[in-house]
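The values are calculated or read from the model by the stated rules, or taken from the named source; none is laboratory data. As the structure is a prediction and not an experimental result, all values here were calculated from the model. Please note: Cβ atoms are built from the backbone with ideal geometry, for glycine as well, and neighbour counts cover all protein chains shown. Ligands, DNA and RNA are stripped out before the accessible areas are found, and what is left, the full protein with its side chains, is counted by its heavy atoms. Shrake-Rupley method; radii C 1.70, N 1.55, O 1.52, S 1.80 Å.
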Amino acid sequence: MASEDLSTIAKSLVARGKGILAADESFPTIEKRFATIGVESTEDNRRVYRKMLFTTTGFEEFISGVILFDETIRQTSDDSTPLVEELTRRGVIPGIKVDLGARPLAGAAGEKITEGLDGLRDRLAEYHRLGARFTKWRAVITIGAGIPSRRCIDANAEALARFAALSQEVGVVPIVEPEVLMDGDHTIQRCFEVTQETLGSVFERLAAHRVVLEDMLLKPNMVLAGKACPRQAGVDEVAEQTVKCFRRVVPAAVGGIVFLSGGQSNEKATAHLNAMNALAETHPWQLSFSYGRALQDPPLRTWAGKAANVRKAQEAFRHRARLNGAARFGRYSEKMEKEFAVV
Ligand code: 5MM
């Protein structure tokens, strides 16, 4: 695919007022999420749940693309319409998670390396045939005593860059996700340093592998104190530190930045994105969202596995998507949390 087409896809994914839904939970993760509502993680329950999200009336006003899991890209609606088609007929771009998960990095206690490069070119070609127009690979960086090591950061950066180069070769837009975890009691300053070092390494490797920056998206963590840190930064400080960190290391050519929520509350994830967008009239990049939990928590809890709750759950999903859409313009306020638009 021509480079121009990839940059068109990248731009559509970060269109004004819209963001991405991450619905690419692997089997262990979706099982954990379903366990919180007492629902068994069967193939059909996963299909019904995700179909519910993808057929929500009007969600396409705020959601530009959805990241799918391998199983989902092959599933259909009750009337045999592929779930991918449910998205494309609404103008929503289907994407796919292509990494095979993070495993322990050899000889590095507490650190992980993401696997999945072997055979990736062929898998990408198949996903493209199945309708995926963008891909995602997540690397996990843990902050702790003496970690992350430079070796772990660089090994993950190299894998991210190889994934991105292969994706562009096949004609899909890569979403490069280096996630510095919120787990731990580290300060916001420490998160700033580790995020800066990680992104520095990632962009060095992306350049080495000749990845076209306009034709990719970055999916990073925000700069936050660890969950167990006694001093939690306020919304404005998070926004300022995150933008400051990114201005140092993320080239302006990058197609867009789509943040992960990483375990923040729904409200905080929205408020932080809103504050970043309110900081300046324009930033070098579009600042958007690619949330999993922070978009899915309300519909998941409302649904609770019952067909009778589907409509209410879809309203809850659309509401959360609308609030994050408003945060794209810096127009979100806490008051809007209470407004519940009826479909
Ligand atoms: C939706 O969760 C994704 C899949 O995670 P697993 O591979 O562990 O099942 C995850 O990659 C997600 O896309 C990002 O972490 C963003 O989700 P959050 O919930 O952090 O916004």
Using 20 Å as the cut-off for backbone N distance, which residues of the stretch 199-215 belong to the label zone defined by a point 7 Å from the Cα of residue 117 along Cα→Cβ? 199-213
Could you give the nm distance between label points at residue 126 and residue 207, where each point is 7 Å from its Cα heading toward the beta carbon? 3.7 nm
The chain shape via C-alpha gyration tensor axes, a/c threshold 1.5: rounded
Using a basic spin-label model with each label point 7 Å from the Cα along Cα→Cβ, how many nm lie between residue 169 and residue 151? 2.8 nm
Among 293-306, 310-323, what's the highest-first ranking by average C-beta atoms within 10 angstrom per residue? 310-323, 293-306
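Using a Förster radius of 41 Å, what is the FRET efficiency between residue 280 and residue 40 based on their Cβ-Cβ separation? Nearest 0.05, please.
0.30
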Dipole of the stretch 3-339 [Lys/Arg +1, Asp/Glu -1 at C-beta], most positive-end residue of 264, 66, 116: 264
What order do 213, 120 take when sorted by accessible area (1.4 Å probe), most exposed first? 213, 120
Dipole of the chain, positive end: most advanced residue of 229, 200, 252 [Cβ charges, Cα centre]: 229
Potential lengthening between residue 214 and residue 57 on full extension [0.36 nm per residue; Cα-Cα distance subtracted]: 53.4 nm
Kindly work out what percent of the DSSP beta bridges joining two residues of the chain are antiparallel, to the nearest 5. 15 percent
Compute the distance in nm between two label points, each set 7 Å from the Cα along the Cα-to-Cβ direction, one at residue 338 and one at residue 232. 2.2 nm
Using θ = phi - 60° and the Karplus curve 6.51 cos²θ - 1.76 cosθ + 1.60, what whole-Hz ³J(HN,Hα) does each residue of the stretch 96-104 get, with Gly and Pro shown as x? 8, 6, 10, 6, 10, x, 8, 10, x
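Pull up the DSSP beta bridges for the stretch 1-128 and report the antiparallel fraction as a percent, rounded to 5.
Among the beta bridges of the stretch 1-128, antiparallel pairing accounts for roughly 35 percent.
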Prolate/oblate/rounded call for the stretch 1-107, Cα gyration tensor, a/c under 1.5 rounded: oblate
